[in-house]
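See below for the structure under consideration.
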Amino acid sequence: MTSPISAPDLLREVRQTLAAAGLRHVSDAEAWINSSDEVLCKVTVAPDERPGAAAVPGHLLRALRAGGYALAVTCDSAAPDAASPEAALHAGHAVRLTAG
């Protein structure tokens, strides 16, 4: 039986996944650990901020799914309770990540 991955290890893996997908830390997307020891991720560029920025949420979703991460809406984000993780990311809100 394997133990769950620690938040710092998961964060490191998520950041490596994003970098490998060509997503720039802070310029495109950011991942961090919150006070509840959860790994969160969000898009950090507005769709009209620069050419190609509107494609970042979809690119981020594909990279996270390809990395095997499960996404969930966070209860402390500004996203509506019923929003899907995909909708939350597209709206610029953070989502919680777990190892798939």
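For the reader, a short list of remarks on this structure follows.
- Percent carbon-and-sulfur accessible area, the chain, ignoring ligands, DNA and RNA, probe 1.4 Å: 54
- Thr74 long-range amide H proximity, modeled H, under 5 Å: Arg96
- Cβ-derived FRET efficiency at R0 25 Å, Ala87 paired with Ile5, nearest 0.05: 0.45
- Net charge of Cβ neighbours under 14 Å - reference Ala54; Lys, Arg +1; Asp, Glu -1: -2
- Nearest 10 degrees, 0 to 90: helix 7-20 Cα axis against the chain principal axis: 40
The values are calculated or read from the model by the stated rules, or taken from the named source; none is laboratory data. Everything numeric here is computed off the predicted structure, so don't read it as measured data. Methodologically, a virtual Cβ is constructed for each residue, glycine included, from the backbone with ideal geometry; neighbour enumeration extends over all protein chains shown. Heads up: the accessible areas ignore ligands, DNA and RNA and are worked out on the full protein's heavy atoms, side chains in. Shrake-Rupley method; radii C 1.70, N 1.55, O 1.52, S 1.80 Å.
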